[in-house]
1. Among the residues of the stretch 102-115, are any at pLDDT below 95 and of a type in the set (Phe, Trp, Tyr)?
2. Would you mind telling me which numbered condition in (1) of a type outside the set (A, V, I, L, M); (2) farther than 24 Å from THR243 by Cα; (3) buried (at least 17 other Cβ atoms within 10 Å of the Cβ) GLY137 fails?
3. Can you name the condition, by its number, that ASN68 falls short on among (1) crowded, with 17+ Cβ neighbours inside 10 Å; (2) at pLDDT below 95?
4. Would you point out which residue out of SER201, SER167, SER108, SER173 is farther than 29 Å from ILE224 by Cβ and hydroxyl-bearing (Ser, Thr, Tyr)?
5. Looking only at helices (runs of 4 or more DSSP H) that fall completely inside the stretch 193-296, which ones have 1 or more residues that are in contact with a helix residue (DSSP H, G or I) (Cβ under 9 Å, 6 or more places away or on another chain) and small (Gly, Ala, Ser)?
6. Could you look through the stretch 268-296, keep only residues that are at pLDDT 95 or above and among the β-branched types (Val, Ile, Thr), and pick out the one that is nearest to ASN94 (Cα to Cα)?
7. Output the qualifying pairs, or none if there are none: Cβ atoms under 6 angstrom, residues six or more apart or on different chains, first residue in the stretch 279-296 and within 24 Å of LYS226 (Cβ to Cβ), second residue of a type in the set (Asp, Glu) and modelled with pLDDT of 95 or more.
8. Which number in (1) over 30 Å from LEU51 (Cα atoms); (2) surrounded by fewer than 18 Cβ atoms within 10 Å (Cβ to Cβ); (3) touching a strand residue (DSSP E or B) at 6+ places or on another chain (Cβ under 7 Å); (4) not hydrophobic (A, V, I, L, M, F, W, C) marks the one condition that ARG191 misses?
Amino acid sequence: MEIYIAICLDIDRDAPFPIHGVSHGVCLPYHNLSSKIWKNPKNFTIEATVLGLKKLFKIFEEFNYPFNCFIEASIIEKLIKEIPNFNKINNKTNCDLGLHGLYHEDLSGEQTGIKFSREEEESILNQAYDIFESSFGIPPIGYRAPYLKISDNTFDLLSEKKFLYDSSQVITSNTTPQLENGLISQIPVLRYETQQKPFISYFWTLFERIRPVEQIVTLYREIIDKTKEKMKNSKSDSPYVLTLNLHPWHLAYSVNDKRYIDDTDIKYNTESLSKILRSISEIDNVSFVKISEILH
């Protein structure tokens, strides 16, 4: 049995810090902003997101990696203006397209202290869905909640809109998660315990210089080796899916320093990510996939 690797991009507005005197708001609480300011695209940028996406597309094309996108609907129009043929990405690249909220809202209320009613969440989802479908000419097939936070209503609403899968759940395990079937299929994000801080399968610690390339490769090899051992005694035929997750803006922006980084650091981030992907691709019985390819 193969272990499937799904590269997943959370494509949203630039980093959550005041830049050039403007609060861009990925993680800025709603109670600190009026709805009008939050939603106004003039009050956030996608400079780092655009640069990061262009770098990533070159890597994926060079090495023929399939990938999976979760896109914040409110920035799609700006992305189409900045990236040639972005609205045709599903025809020009080997990727799945999914949603990542409308205005990067926290559906759980845990980050912002503001909860949505079922009707409000449904309205948000419908607006995001319509923008997405009108922009790309196809419906989104997958969903990842902003902040990886959902409400008690999210799965029901996604099922009603015929989403094929959700990838918002974080699970703690020492092996690759398996696809979970329910109202819609679940593709969990792995949280892996280590002797140091737990390793969540995002490239955050790479881009913030917390973990070097070699350490991250070692961690992924550990996870995959332990998964292979588990698979020997498993009777389940549910696919094992390891998601490798990142925000494109993080290639060009330092969260710790709260600034856009220079070309040297961008090159380091890009080459380091490429090294990790190549190292994983060389492991036996590992295949990079679009998530839609492995759904039952």
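1. Yes; the residues of the stretch 102-115 include at least one that is at pLDDT below 95 and of a type in the set (Phe, Trp, Tyr).
2. Answer for GLY137: the failing condition is (3).
3. It fails just one condition, (2).
4. Exactly one residue qualifies, and that residue is SER108.
5. Qualifying helices (runs of 4 or more DSSP H): 263-281.
6. Filtering first and then ranking leaves VAL289.
7. Between residues of the stretch 279-296 that are within 24 Å of LYS226 (Cβ to Cβ) and residues that are of a type in the set (Asp, Glu) and modelled with pLDDT of 95 or more, the close pairs are ILE291/ASP96.
8. (1)
The values are calculated or read from the model by the stated rules, or taken from the named source; none is laboratory data. Since this is a predicted model, take the numbers as computed values, not measurements. With ideal geometry, Cβ positions are generated from the backbone for all residues, glycine too; neighbour counts draw on all protein chains shown.
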